[in-house]
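So the structure is just underneath, and the comments pick up after that.
The values are calculated or read from the model by the stated rules, or taken from the named source; none is laboratory data. Just so we're clear, the structure is a prediction, and the values are computed from it rather than from any experiment. All Cβ positions, even for glycine, are placed from backbone atoms using ideal geometry, and neighbour counts span all protein chains on display. Heavy atoms of the whole protein, side chains included, go into the accessibility calculation; ligands, DNA and RNA do not. Shrake-Rupley method; radii C 1.70, N 1.55, O 1.52, S 1.80 Å.
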Amino acid sequence: MRKLGRFGQIDAAALAAHYGSVSAVTFIAANQFIEQMGKTVEGFMPTLLTLLESPGIHIALGIGALKRAKNNSSISSGEKKTKSAIFHEILTGRSLILLLGGLVIGLLMGAKAYEPVKPFFETGFKGALVLFLLEMGIVAGSRLSDLKKVGLLLISLGILIPILHGTLGVFLGDWSGLSVGGATVLGTMAASASYIAAPPAVRMTLPEANPTYYLTASLAVTFPFNLVVGIPLFFKLAEWLAG
Amino acid sequence: MKLINFKLLTIICEPVLSSSILTISQDLGATGFTVTEVNGQGNFDKSSGEIPDLKSKIEIVAEQHLALKIMKALADNFFKNYSLITYVSDISILRPEKFERV
């Protein structure tokens, strides 16, 4: 991003944090797509989603924060957050707590205890997902005017990065023995960019980074691209690899 | 019933700053706060980076010296890089002891 897009270190680190993390909504959409294609996905994928959510954010923010501390001696005292405060911020973000909480509750409940509540979640889920996607569509649409501000290069990166990451993800998924559905979902996760967990963490840690860049790229470019083009593309690739 | 003159300190900021601002305010001596979710537009050239693009409105009842101390701390810490405004208005209250640290 620094070389291709000529972004400053801070903006590049902020973008890396978003693309290093994953989008749970894109993950759910990929699962639904696989189901519609008549395939199955390995049951441990939600655990993988939880595991993949934060390391990318941590690494990118760590790099950015170190560069920032080196370059900017005039950081105000309130912004000089200790490392533990930054980790606390990322690890206690709402989305991570919900994902981890869901896993722990699932583990404690077991499959048998899920049966009584299954109709509530499985019947209403698709309807709720449709409403949520419509809402996200409106939010993404409201940022479309920002596309003019970020320029063609960032828009291109918002499309090329998911293709590159997604292809790698599908290859690695296939190589590690995942099913066609699993490799597609892993590829989709690698291709997706976070736009709920990463933005507040980046805002706290790298306040000089311009949110217009990272939010527009992740939400207005990459998110719709993955839903419309990415997921079917990764599915085709996974099918081709599986022979 | 006697009304006592006090100040209402209002802070409108990016939601991500709320917890830091509340900690600073309480460390400086504020005894309570009210937080509401609001939306609006200012002249800050960066969006708040939140989805949806909401803001937090923090209200603190305080004596003038405390309100000024909190404002100075906010200016030192956050004015440079964040979307934040703060102002003080005159209010009248009934129980001043409610806003004093014991």
Query raised in the report: Where nothing but the Cβ of Lys and Arg (+1) and of Asp and Glu (-1) is charged, how large is the charge dipole of the protein assembly as shown around its Cα centre, in debye to the nearest 20?
Result: 740
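Ballpark to the nearest 100 Å², how much total accessible area do A and B bury together, probe 1.4 Å?
On the way: alone 13160 and 6640 Å², together 18190 Å².
Accessible area lost upon association: around 1600 Å².
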Report summary line: Once all protein chains are kept in place, A:GLU122 shows an accessible area at probe 1.4 Å, nearest 10 Å², of 100
Query raised in the report: If you take the charge dipole of the protein assembly as shown about its Cα centre, with +1 on Lys and Arg Cβ and -1 on Asp and Glu Cβ, which of B:SER56, A:PHE132, A:ALA209 is farthest toward its positive end?
Result: A:ALA209
Query raised in the report: So for the range A:9-242, Kirkwood radius off the Cα pairs, Stokes-Einstein at 20 °C and 1.002 mPa s: how many µm² s⁻¹?
Result: 115
Requested in this report: Treating the Cα atoms of the range A:106-153 as identical point scatterers in vacuum, please give the log10 of the normalised Debye intensity I(q)/I(0) at q = 0.16 Å⁻¹, two decimals.
Outcome: -0.64
Query raised in the report: On average, how much accessible surface per residue is there in the protein assembly as shown, in Å², for a 1.4 Å probe, leaving out ligands, DNA and RNA?
Result: 53
Report summary line: Quick calc, B:SER92 & A:THR47: beta-carbon distance into FRET formula, R0 56 Å, rounding 0.05, result 0.50
**Report entry** Cα pair count fraction exceeding 22 Å, expressed as % - chain B
**Finding:** 30
Report task. For chain B, please report how many Lys pairs fall under 20 Å Cα to Cα, leaving out neighbours fewer than 8 apart on the same chain. Result -> 15
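With a Förster radius of 25 Å, plug the Cβ-Cβ distance of B:MET71 and B:LEU3 into 1/(1 + (r/R0)^6) and report the FRET value to the nearest 0.05.
Details: r = 24 Å, r/R0 = 0.96.
It comes to 0.55.
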Query raised in the report: Tell me, what % of the accessible area of the range A:9-242 is carbon and sulfur with a 1.4 angstrom probe?
Result: 71
Report summary line: Quick tally, 1.4 Å probe accessible area for A:ARG143, A:ARG203, sorted with the most first, runs A:ARG143, A:ARG203
